[in-house]
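The values are calculated or read from the model by the stated rules, or taken from the named source; none is laboratory data. The structure displayed is predicted, hence computed values, not measured ones. In this analysis, Cβ positions are derived from the backbone assuming ideal geometry, glycine residues included, and neighbour counts consider all displayed protein chains. Side chains included, ligands, DNA and RNA excluded: accessible areas come from the protein's heavy atoms. Shrake-Rupley method; radii C 1.70, N 1.55, O 1.52, S 1.80 Å.
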Amino acid sequence: FGFAQPGPQALAPLFPSADAEVSFETARLLAMVEAEDPVLPDKLLAQITDRSAPTADFHYLTVLARVRAPFGSNSFGKIAQNILALDRKLDRVEQRPRQNWSTRLAEVLQELLKREPRLADALLRDPQLTRPGNLPLVARIGSARYMGCARMFLRAAQANASYPWSAPLIDLLAVLPPEETTPLFRRQWSNIALRDRLVIELAHKPEAADRDKFLAGLASANLPTAAASLGALLALPRDGTTRALVPAMRLLRALLNQPKEESLRADVLSLV
């Protein structure tokens, strides 16, 4: 038996349907045929409510990224709100999908931004952007707005002492001047999992107040951290003690097995 491929005109009247499953599958087909019905974006966004499931929201946002119907300028805020609210919805239902959720959502956002670059400004206007779960989306918003995003997350971290820190957050804040970020980085020193990354950032503009942190960094198994700590200690005035000798000699011994690190070994000897 042969079946004619359904066209957008035949599918459009079926969406939305009183049957949620029919709506779900019809939307999928509309995405496949890249429908151009001008009322379709509004219909898709209407399926996303405060009570709709985050997985269903993701589905309709994916469809929205695939159809060719133009977005109305009044829909930018709604699209941004729905994307950024997914993190909050997932927390509310205590549900975290598979690990690639953030990657796939970032890809959907990238496609939406290709369709309508002005959506980026709507994202920056939404206070939900600074939720920790939205960090993976920042890179897709564009390099021109990266600094603005960094300042928004900086303010969020400054305003909330319990804001959850991570290596991606440090990566984002690292684009800001050290005088703006150093006080915050120092407060996170008790977070052992982040120390390697923190030392590297503090070493960009070393201060004597962080000498102990650089001494600890010399003992890191992460070579970039040890190298950054070494450079920072060499840049600081000597403190008249021998505290650096033991970690420096241990680092030198570890570097003996790495022929390519001749320059780094010379720096260790300079410190000794």
Review point. Which percent of the accessible area of the chain is formed by carbon and sulfur heavy atoms (probe 1.4 angstrom)?
Key: 54
Revision key, fill the gap. Computed D for the chain, Stokes-Einstein, Kirkwood radius over alpha-carbon pairs, 10 °C, 1.306 mPa s, to the nearest µm² per second, is 72
Check your understanding: How large is the accessible surface per residue of the chain, computed with a 1.4 Å probe and reported in Å² as a whole number?
Key -> 55
Revision key, fill the gap. On the formula 1/(1 + (r/R0)^6), with r taken between the Cβ atoms of residue 107 and residue 204 and R0 of 45 Å, the FRET efficiency rounded to 0.05 is 0.90
Point to revise | Cut-off of 10 Å, at most 10 other beta carbons, DSSP loop: longest stretch of the chain lacking such chymotrypsin sites (Phe, Trp or Tyr not before Pro) | key: 4-272
Exercise for review: Could you work out, for segment 116-165, what percent of all Cα-Cα pairs fall into each 10 Å distance bin, beginning at 0 Å and stopping at the bin that holds the largest distance?
Suggested key: 24, 59, 15, 1
Review point. Starting at 0 and stepping by 10 Å, how many percent of the alpha carbon pairs of segment 171-236 end up in each bin?
Key: 24, 60, 16
**Study point:** the chain, dipole about Cα centre (Lys/Arg Cβ +1, Asp/Glu Cβ -1), debye to the nearest 20
**Key:** 660
Exercise for review: Distance between Cα centroids, segment 60-129 to segment 201-230: provide it in whole Å.
Suggested key: 39
Check your understanding: What would the Debye formula give as log10 I(q)/I(0) at q = 0.19, 0.21 Å⁻¹ for the alpha-carbon point model of segment 65-137, no solvent?
Key -> -0.79, -0.94
**Study point:** Relative contact order of segment 188-244, defined on C-alpha pairs under 8 angstrom at six or more residues apart (%)
**Key:** 35
Exercise for review: Output the direction-averaged projected area (hull surface divided by four) of the convex hull of the alpha-carbon atoms of segment 136-255, in nm².
Suggested key: 8.1
Exercise for review: Once you have the Cα-Cα distance between residue 189 and residue 115, take 0.36 nm times their residue separation minus that, and quote the gain in nm to one decimal.
Suggested key: 22.4 nm
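How large is the translational diffusion coefficient of segment 71-217 in µm² per second when you combine the Kirkwood radius over alpha carbon pairs with Stokes-Einstein at 10 °C and 1.306 mPa s? Before the final figure, lay out each step's value.
Numbers: Rh = 16.7 Å.
For the chosen part, D equals 95 µm²/s.
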